[in-house]
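Remarks on the structure that follows.
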Amino acid sequence: MSEHKPSSRAHHHRKQAAVSVPTAIITVSDTRTLETDTGGATVEELLTGGGHDVVHREVVADEPKAIAAALRDQLDGGRARAVILTGGTGVAPRDQTPETIEPLLDRVVPGFGELFRMLSYQDIGSAALLSRALAGLASGVVVFVLPGSRGAVRLAMEKLILPEIGHLAAEAGKSR
């Protein structure tokens, strides 16, 4: 399968995109610590490898109040122009990240979740339908909600987030 080539119009938008996007990483987990958080570490490694600054990284409990407070802290006083949350996107009762984050978004970017699940299907088959990956804009910041597994993180980062984070952050910043 050949890689899709962006149109000249897409290239024009990307030229106007931020080169480096200050990004916060929030891992949602009841069992991980910063030392054992392989998904968050993968996000950090890929961001820094792509020339982006990680301005904050934390692990919060899989509790709606903790998840919402962590995002609000980044929206209200953080330096981040993007926030990437990992974990809590499955269908188990404790997986509450998407329904906690979505009401905090000013605008949802539905194509992110759709494309993520399509790409995941190519890797893991029908289990991809269990993912509730999400993206949107909130208070001038682009927000991504990803599964916590390293494979899912790597897929989302390499195929979707890194190619578009600068453009999305620039667009989100227009509302500030």
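The values are calculated or read from the model by the stated rules, or taken from the named source; none is laboratory data. Note that the structure is predicted; figures quoted are calculated from it, not measured. Cβ atoms come from the backbone with ideal geometry, glycine included; neighbour counts cover every protein chain shown.
Here is a yes/no grid of residues against (1) touching a residue at least 12 places away in the same chain (Cβ under 8 Å); (2) hydrophobic (A, V, I, L, M, F, W, C); (3) buried (at least 22 other Cβ atoms within 10 Å of the Cβ); (4) within 19 Å of residue 63 (Cα to Cα):
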position: 83; (1), (2), (3), (4): yes, yes, yes, yes
position: 89; (1), (2), (3), (4): yes, no, yes, yes
position: 93; (1), (2), (3), (4): no, no, no, yes
position: 110; (1), (2), (3), (4): no, no, no, no
position: 116; (1), (2), (3), (4): yes, yes, yes, no
position: 123; (1), (2), (3), (4): yes, no, no, no
position: 129; (1), (2), (3), (4): yes, yes, no, no
position: 132; (1), (2), (3), (4): yes, no, no, yes
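For the range 148-164, the condition holds for no residue, the condition being that it is surrounded by 24 or more Cβ atoms within 10 Å (Cβ to Cβ), aliphatic (A, V, I, L, M) and outside any helix (DSSP H, G or I).
What about residue 132, is it basic (Lys, Arg) and more than 13 Å from the chain's Cα centre (by Cα)? Here the answer is no, as residue 132 does not meet what is asked.
Pick from 54, 141, 91, 109: which is among the hydrophobic types (A, V, I, L, M, F, W, C) and over 20 Å from residue 170 (Cα atoms)? 91 is the lone residue from the list that is among the hydrophobic types (A, V, I, L, M, F, W, C) and over 20 Å from residue 170 (Cα atoms). Taking residue 9, is it modelled with pLDDT under 95, basic (Lys, Arg), loosely packed, with under 13 Cβ neighbours inside 10 Å and assigned to a helix (DSSP H, G or I)? Yes; evaluated as a whole, the condition is true for this residue.
Against the test of being modelled with pLDDT under 95 and either acidic (Asp, Glu) or not in a loop (DSSP other than H, G, I, E, B) (or both), the options 30, 73 yield a single qualifying residue, 30. The sole residue among 44, 58 that is closer than 24 Å to residue 164 by Cα and in a helix (DSSP H, G or I) is 44. Residue check: is residue 170 at pLDDT below 95, closer than 23 Å to residue 49 by Cα and in a helix (DSSP H, G or I)? Answer is yes for this residue. The number of residues in the range 48-65 that are under 15 Å from residue 145 (Cα atoms) and buried (at least 17 other Cβ atoms within 10 Å of the Cβ) comes to 4.
Yes/no matrix, rows are residues, columns are (1) under 16 Å from residue 21 (Cα atoms); (2) among the β-branched types (Val, Ile, Thr); (3) at pLDDT below 95; (4) in a loop (DSSP other than H, G, I, E, B):
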position: 89; (1), (2), (3), (4): no, yes, yes, yes
position: 92; (1), (2), (3), (4): no, no, yes, yes
position: 99; (1), (2), (3), (4): no, no, no, no
position: 125; (1), (2), (3), (4): no, no, yes, no
position: 132; (1), (2), (3), (4): no, no, no, yes
